[in-house]
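Visitor: Structure in structure tokens, see below.
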Amino acid sequence: MKNIVLLITDTFRYDNLGERADKPIRTPMLDKFASERATAIDKFYMSSFPTIPHRTDVATGTLGWPHYGWQAIDLSGPNHIGRLLAGQGYATQLICDCPHLFNARFQQGFHAAFQHRGQEGDKPLLHLNDEIKTIMPDDKTRPNPSFRGNTLPNTHRWTNRYYQYEAETFSGRTSESAIRFLEENYRSGPFLLWVDFFDPHEPWDPPEYIVKRYDPTYSGPPMIHPNYGRSSIYTEAELHNLWAHYAGESELVDRHIGRILEKVEDLELWDDTVVVVMSDHGMSIGEHERTGKSNIDSEDPRYWPTYPEINHEMFLIAGGDVPQGKGLDLIAQPMDILPTLCDLAGVSLDPPKPFEGRSFADALLSGDTQHREYAVTGTHIGARNGTMPRRATTPFLVTERWGYAPVGADGSPELFDLTTDRLATQNLAHDNEDLVSELHQLFIAHLLEHNAPEGFLALWKESPTGDGKGKWAIDYPEDDK
């Protein structure tokens, strides 16, 4: 059986790599990994949104969003990648700085688990004698959650004692822990190592000397956190600086994931190890006139479909017999990862709950692009106090050519030709009613295939009102953030 190394980075956009974006980010380590060592699955899309639902799909091999939202993994079913592989003789280790994994009890399925604390709103150790400084103006970021009247980005910087150097960053510390694990365990095999980088999730606070390379002339306050609403609140210079902070943090993630990959090389593990590098979702930084990934802006009445800057994931896989330096135009989703890894690593599992994901190992090894006809990204829907909140995060379906939002920004269906419009900016729904109907039937078929409850299914059989009141829930309760 082969070792398995799973490296997840949060909020790392698909178009960060190579020259895919209009504003390239420096990602030399992952670019080299993709071109020389890995196979890139070019049409890999998120299934359950956001952070914890996504990782639950990965860890269980099942699809969550039609059935549950953001909750502890043991409430979502009996499967857990750590526990399943431990039963086959694997040593299992979780290393993370994502603040949500321990809260969602992911660590309970691993033999060992280690967390670097302090990301986002996590406060491991107060130091109230020290002033909480206003780094980013309150009117340029999200108002909640707050601590003693201080916004999330300002509290985050205070919690982490205003670090300035790369060695103090979370990606630096998390990669060092992963490298130490590999050095101390590489002869023990087989092992599962799950390394979870929260960066480049906001707040975006890499050392400012890195940010300056992307925005050398900016002189205003640092834009380190989006507002999760309308991008029009930012000046053009502020919006560019917001992107520059995201770019700087993404560059650091590339560097520190690269150091783990170098250690796999140093230890001569490639023949006996399957390595996955992937993101969970992306982020809007001005696309669709919004910043963030869900709408918490009381002045923005729009629905927020999970457009491609959100749902298109980076997915690179290498090691063993996986072809090197290839790109595979194959549609796959997170629930497919666990059965695929088992096939590639030579592991036979009998999970308590049958996998809903489908292995693409044979297609990967043979260069076949046939796997899924389409992919769907969605968020669990739920009523609060008998009513549905406004400003919902809504699903997005992708085929080889088309992108379809059953509920677009104004509540009406939206259709995009992704072969010429990769970020879904030109809505073609009005001129393609038959195609919209066909894609909606695919969407309903997806829900039926995954046994969506009747009440949940009924929501999508109705026409949205388009009046801004909404029938669909936002991604997860704000107090979970």
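The values are calculated or read from the model by the stated rules, or taken from the named source; none is laboratory data. On a predicted model such as this, the values are computed, not experimentally measured, just so you know. Using ideal geometry, Cβ is built from the backbone for each residue, glycine included, and neighbour counts are taken over all protein chains shown. Note: areas computed on protein heavy atoms with side chains; ligands, DNA, RNA excluded. Shrake-Rupley method; radii C 1.70, N 1.55, O 1.52, S 1.80 Å.
Visitor: For Asn241, only one of the following conditions fails: (1) touching a residue at least 12 places away in the same chain (Cβ under 8 Å); (2) open to solvent by 30 Å² or more (accessible area, probe 1.4 Å). What is its number?
Guide: (2)
Visitor: Of everything in segment 432-457, what is more than 13 Å from Ala405 (Cα to Cα) and under 26 Å from the mean Cα position of the chain (by Cα)? Give them in sequence order.
Guide: Correct list: Ala445, His446, Leu447, Leu448, Glu449, His450, Asn451, Ala452, Pro453, Phe456, Leu457.
Visitor: Just give me the residues in segment 396-408 being closer than 19 Å to Glu289 by Cβ and touching a Phe, Trp or Tyr at 6+ places or on another chain (Cβ under 6 Å), in sequence order.
Guide: Passing the criteria: Gly403, Ala405, Val407.
Visitor: OK, next. Which members of segment 116-171 meet the condition of being more than 26 Å from the chain's Cα centre (by Cα) and of a type in the set (A, V, I, L, M)?
Guide: The answer is Leu125, Leu126, Leu128, Ile132, Ile135.
Visitor: Okay, next question. Could you list, in sequence order, the residues of segment 155-179 that are out of contact with any strand residue (DSSP E or B) (no Cβ under 9 Å at 6 or more places or on another chain) and either assigned to a helix (DSSP H, G or I) or crowded, with 19+ Cβ neighbours inside 10 Å (or both)?
Guide: Answer for segment 155-179, where residues must be out of contact with any strand residue (DSSP E or B) (no Cβ under 9 Å at 6 or more places or on another chain) and either assigned to a helix (DSSP H, G or I) or crowded, with 19+ Cβ neighbours inside 10 Å (or both): His156, Arg157, Asn160, Glu166, Ala167, Glu168, Thr169, Gly172, Arg173, Glu176, Ile179.
Visitor: Just one of (1) open to solvent by less than 40 Å² (accessible area, probe 1.4 Å); (2) touching a Ser or Thr at 6+ places or on another chain (Cβ under 8 Å); (3) farther than 23 Å from Ile257 by Cα; (4) at pLDDT 95 or above trips up Arg142, so point out which.
Guide: All conditions are met except number (4).
Visitor: Looking at the structure I just gave you, is Ser359 farther than 17 Å from Lys293 by Cβ, modelled with pLDDT of 95 or more and either over 23 Å from the mean Cα position of the chain (by Cα) or not hydrophobic (A, V, I, L, M, F, W, C) (or both)?
Guide: In short, yes.
Visitor: Of everything in segment 92-121, what is over 19 Å from Trp194 (Cβ atoms) and either assigned to a strand (DSSP E or B) or open to solvent by 20 Å² or more (accessible area, probe 1.4 Å) (or both)? Give them in sequence order.
Guide: Gly121 - this is the single residue of segment 92-121 that is over 19 Å from Trp194 (Cβ atoms) and either assigned to a strand (DSSP E or B) or open to solvent by 20 Å² or more (accessible area, probe 1.4 Å) (or both).
Visitor: Residues of segment 195-215 being in contact with a Leu (Cβ under 8 Å, 6 or more places away or on another chain) and over 21 Å from Gly282 (Cβ atoms), which ones?
Guide: Answer for segment 195-215, where residues must be in contact with a Leu (Cβ under 8 Å, 6 or more places away or on another chain) and over 21 Å from Gly282 (Cβ atoms): there is none.
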